[in-house]
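Beneath this line is the structure, given in structure tokens, with notes to follow.
The values are calculated or read from the model by the stated rules, or taken from the named source; none is laboratory data. Computed from a prediction, not measured in an experiment: that's the story for all the values here. Here the Cβ positions follow ideal geometry from the backbone for every residue, glycine too, while neighbour counts run over all protein chains shown.
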């Protein structure tokens with residue numbers, strides 16, 4: 001991939017990241033997405049087109065609103081940059097087939113939305129879950145996935161497993177996470193989803209275990225797990241073939 005091809009991907013990624021941020025913030029609050037202008041969260045001033053340019057508008061405004069001069073949360077540019085960089089990585093590393101690219105695009109897009117929604121409102125909206133599921137069905141249909149039923153069974157098994165977990169240990173996992181893993185199982189298959197689960201739990205432990213031990217995190221406050229689910233699924237999509245090839249060679253001494 002040439003440097004010249006990276007620039008348009010970067011621009012598209014920033015724009016897409018800005019849109020995903022809006023979706024993740026507004027859907028949990030039942031706010032319109034398309035027919036509603038963005039405004040400053042502090043002074044409620046309607047933003048102009050110049051103030052809506054992803055990343056660059058914040059740089060030009062030196063990180064502050066032009067009207068009330070309140071600082072703009074770093075949350076916005078960080079999400080846009082992360083979406084752009086992770087999107088470029090998809091095209092740079094992903095296998096050149098529609099199922100792989102489509103799966104990574106869905107994991108990235110809905111992962112960003114669900115992460116924002118979970119971090120800000122602690123909810124994964126059902127309407128977005130249904131949209132995610134619809135796109136997964138469309139991807140399998142148009143790709144004519146040969147082992148479609150194995151993917152379907154994988155999704156059902158992950159959903160049932162976490163649903164039982166949710167019934168008997170309701171404080172350990174959210175209902176949205178149950179649906180999230182069910183759809184990921186349907187999209188990625190059992191091997192990749194299992195690897196994604198391992199990665200998500202490992203990352204959550206690395207971050208939150210020291211906070212628990214140092215008593216800097218309230219045990220009664222739920223952990224937003226959607227960002228870890230997203231990162232685990234994203235990394236697993238890119239690296240699961242290498243991981244399982246290495247694991248097989250390790251187990252069978254090949």
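Of the helices (runs of 4 or more DSSP H) entirely within region 145-219, those holding at least 3 residues that are over 19 Å from the mean Cα position of the chain (by Cα) occupy 148-168, 190-213.
Cβ separations smaller than 7 Å between residues 6+ apart or across chains give the following pairs from region 138-154 residues that are assigned by TED's automatic domain parsing to the domain that holds residue 188 to residues that are surrounded by 11 or more Cβ atoms within 10 Å (Cβ to Cβ) and outside any helix (DSSP H, G or I): 150/189; 151/145; 151/189; 154/189. Can you find a residue that is exposed (fewer than 15 other Cβ atoms within 10 Å of the Cβ) and either assigned by TED's automatic domain parsing to the domain that holds residue 26 or not in a loop (DSSP other than H, G, I, E, B) (or both) anywhere in region 98-117? For region 98-117, residues exposed (fewer than 15 other Cβ atoms within 10 Å of the Cβ) and either assigned by TED's automatic domain parsing to the domain that holds residue 26 or not in a loop (DSSP other than H, G, I, E, B) (or both): present. Looking only at residues of region 1-30 that are out of contact with any helix residue (DSSP H, G or I) (no Cβ under 8 Å at 6 or more places or on another chain) and not in a helix (DSSP H, G or I), we find that the one that is modelled with the lowest pLDDT is 2.
The residues listed here are 92, 73; of these, the one that is in a helix (DSSP H, G or I), at pLDDT 75 or above and farther than 16 Å from residue 19 by Cβ is 92.
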